[in-house]
Each structure stands twice: as C-alpha cells, then as structure tokens.
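Engineer: Pasting a structure below so you can have a look.
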Amino acid sequence: MEIHKKIVLNESQRPVAVQIPIEEFERVEEVIENFGLAKLMDDVSGDEQLSLHEAKSFYKSLKENVEGQI
C-alpha cells in the first residue's frame with residue numbers, strides 16, 4: 001500500500017505531524033481494524049461457545065441491563 005504523506009514542520013523545521021489523503025487514511029484505518037478484529041478472534045478462539053439460545057438470552061440480559069440504567 002502506497003501512502004502519499006506530507007510532513008508538517010514547526011517553526012524550528014522539526015516534524016510535528018503528517019498529512020495523508022483521506023482515502024488513504026480510510027484504507028489504513030480499515031487495515032488496522034481488520035487486524036484488531038482478527039487478533040481478538042484468535043484471542044477468544046479457545047473460549048466457551050454459546051448455543052444460539054444461550055447467546056440470545058445473554059444478549060437480552062445485556063440489553064435489559066443497559067436499558068435499566070437509562
């Protein structure tokens with residue numbers, strides 16, 4: 001992936017920031033998010049799996065808990 005970056009300098013000509021086109025930023029952001037998701041999936045691969053019924057019950061309890069706090 002090629003990134004077209006522009007270095008922003010301060011008054012002392014020291015680099016303080018980098019500008020990249022928004023399209024390239026969005027691609028970088030997507031790559032980082034996908035990497036994080038893949039890592040999370042690997043981290044929990046050995047965890048207990050819920051049945052569909054258990055997952056729905058768990059989700060419902062979470063939703064009720066959040067709505068009860070509002």
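The values are calculated or read from the model by the stated rules, or taken from the named source; none is laboratory data. On a predicted model such as this, the values are computed, not experimentally measured, just so you know. Neighbour counts run over all protein chains shown; Cβ positions are idealised from the backbone, glycine included. Note: accessible area is taken over every heavy atom of the protein model, side chains too, but ligands, DNA and RNA are not part of it. Shrake-Rupley method; radii C 1.70, N 1.55, O 1.52, S 1.80 Å.
Engineer: Please work out which residue is modelled with the lowest pLDDT, limiting yourself to the stretch 33-43 and to residues that are of a type in the set (A, V, I, L, M) and surrounded by 10 or more Cβ atoms within 10 Å (Cβ to Cβ).
Structural biologist: The qualifying residue modelled with the lowest pLDDT is L40.
Engineer: Report yes if E29 is part of a helix (DSSP H, G or I) and either in contact with a His (Cβ under 9 Å, 6 or more places away or on another chain) or of a type outside the set (S, T, Y) (or both), otherwise no.
Structural biologist: yes
Engineer: On the given criteria, is E67 out of contact with any helix residue (DSSP H, G or I) (no Cβ under 7 Å at 6 or more places or on another chain), loosely packed, with under 10 Cβ neighbours inside 10 Å, without any contact (Cβ under 8 Å) to a residue 40 or more places away in the chain and part of a helix (DSSP H, G or I)?
Structural biologist: Yes.
Engineer: Right, next: Would you be able to tell me the number of residues in the stretch 1-25 that are part of a strand (DSSP E or B), aliphatic (A, V, I, L, M) and open to solvent by 80 Å² or more (accessible area, probe 1.4 Å)?
Structural biologist: The qualifying residues number 4.
Engineer: Another one. Going by the structure shown, is Q49 loosely packed, with under 10 Cβ neighbours inside 10 Å, free of Cβ contacts under 8 Å to residues at least 12 places away in the same chain and at positive phi?
Structural biologist: no
Engineer: Can you list residue pairs whose Cβ atoms sit under 6 Å apart, with the first residue in the stretch 25-40 being under 22 Å from K5 (Cα atoms) and the second being in a helix (DSSP H, G or I) and aliphatic (A, V, I, L, M)? Count only pairs 6 or more apart in sequence or on different chains.
Structural biologist: As it stands, the answer is none, since no pair meets every condition given.
Engineer: Mind telling me which of the residues V44, V18, V8 ends up being among the aliphatic types (A, V, I, L, M) and touching a residue at least 12 places away in the same chain (Cβ under 8 Å)?
Structural biologist: Testing whether each residue is among the aliphatic types (A, V, I, L, M) and touching a residue at least 12 places away in the same chain (Cβ under 8 Å) leaves just V18.
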